[in-house]
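> Take a look at this one; I'll ask things after.
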Amino acid sequence: MFFNFKYWHFLTNPQFLAEQLKKNAMRGFNARVYAVFLIGLVLFMARELWGMNTETLTPLLTTMSTVDYTLARYASLLGIVVWALLYMFFHYFGFAYILYLITKIPFKKLLPVQLLVTSLFIMEKALVFFVFTLTGTTASVSYLSFGPLAATFIEIPFYTSFFNQLSVFTAVVIGIQYQFIVSYNAFDPKKILWILIGLHLVLALMVASTGFIPTENLFQSIFERGAGNE
């Protein structure tokens, strides 16, 4: 038998999605995958064009010509496109594969729940972007995360970036993955809960670490030989 992939229904009932996947074949799924990836890509590009997370490019205005700075912005936009694809592919395919290795649930059966997860993280970024555009401001931390709280008590930027990756949406995602896995497989509930928490903490550490790549120096090394410096 077949069942239709109903996004909003399964988002609030991941255990029902698990039960359906065990018994029936799914229809209408690929279209949702394309939609989520397209929306995510457009969102990341919009954030970049609006100026979110481009603070390292601003000082280059004083050291580069207009042409070189424009090229740097194009390079930054290309970089965010690559980052967006890597971000979504990891949450969709990569995390599903990790869960497959841990739970032994078939890889393809994990993709639907990871699509829900990927879309939730995109929703979080969209909500933050929406509020920033309304207020005409931007910040390096999300008001939905523990980043602002960490910045209040801890002066080390890495920890602020780390806690910024842990938000209300992270807790919701862990809940969805937990309900799905427990419903699909006779897995120890306590064990899988701690495993999921650990995986998301490791992921937060990895993402926080990428924020300390010397982007400004990278752009300068690439464009310092541009037309304006010849």
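Any read-out appearing in this document is the output of simple, stated calculations on the displayed coordinates, not a laboratory observation. Note that the structure is predicted; figures quoted are calculated from it, not measured. For neighbour counting, all protein chains shown are included, and Cβ atoms are generated from backbone atoms with ideal geometry for every residue, glycine included.
> Hey, rough spin-label estimate for ALA126 and LEU41, points 7 angstrom out along Cα→Cβ, what's it come to in nanometres?
Placing both labels 7 Å along Cα→Cβ, they lie 1.6 nm apart.
> Taking 30 Å as R0, compute the FRET efficiency from the Cβ-Cβ separation of LEU85 and ALA186 and round it to 0.05. Write down the numbers at each step before the final one.
Working: r = 36 Å, r/R0 = 1.18.
Approximately 0.25, to the nearest 0.05.
> Using a basic spin-label model with each label point 7 Å from the Cα along Cα→Cβ, how many nm lie between PHE16 and LEU77?
Once both label points are built, they end up 4.3 nm from each other.
> Quick one: check the C-alpha center-to-center distance for the stretch 153-184 versus the stretch 15-30, whole angstrom.
So the separation of the two Cα centres works out to 26 Å.
> Let me ask you something else. How much FRET efficiency would the formula 1/(1 + (r/R0)^6) give for ARG32 and TRP194, where r is the Cβ-Cβ distance and R0 is 22 Å, rounded to 0.05?
Step by step, r from the Cβ atoms, then E = 0.15.
> Pairs of Cα atoms under 8 Å, at least six residues apart: use those to get the relative contact order of the stretch 1-55, whole percent.
For the stretch 1-55, the relative contact order is 37 percent.
> Please give the contour-minus-distance gain from ASN24 to ILE154: 0.36 nm per residue of separation, less the Cα-Cα distance, rounded to one decimal in nm.
Here the segment from ASN24 to ILE154 would lengthen by 41.8 nm.
> Determine, from the Cβ-Cβ distance of ILE174 and HIS9 and an R0 of 22 Å, the FRET efficiency 1/(1 + (r/R0)^6), rounded to the nearest 0.05.
Numbers: r = 20 Å, r/R0 = 0.92.
FRET efficiency, ILE174 to HIS9: 0.60.
> In nm, give the distance between the simple-model label positions of THR210 and LYS108, each being 7 Å from the Cα along the Cα-to-Cβ direction.
A separation of 2.9 nm, rounded to one decimal place.
> Then there is this: Whole-Å semi-axes of the stretch 71-216's equivalent ellipsoid, largest first, each the root of 5 times a Cα gyration tensor eigenvalue?
In descending order, the three semi-axes are 29, 18, 15 Å.
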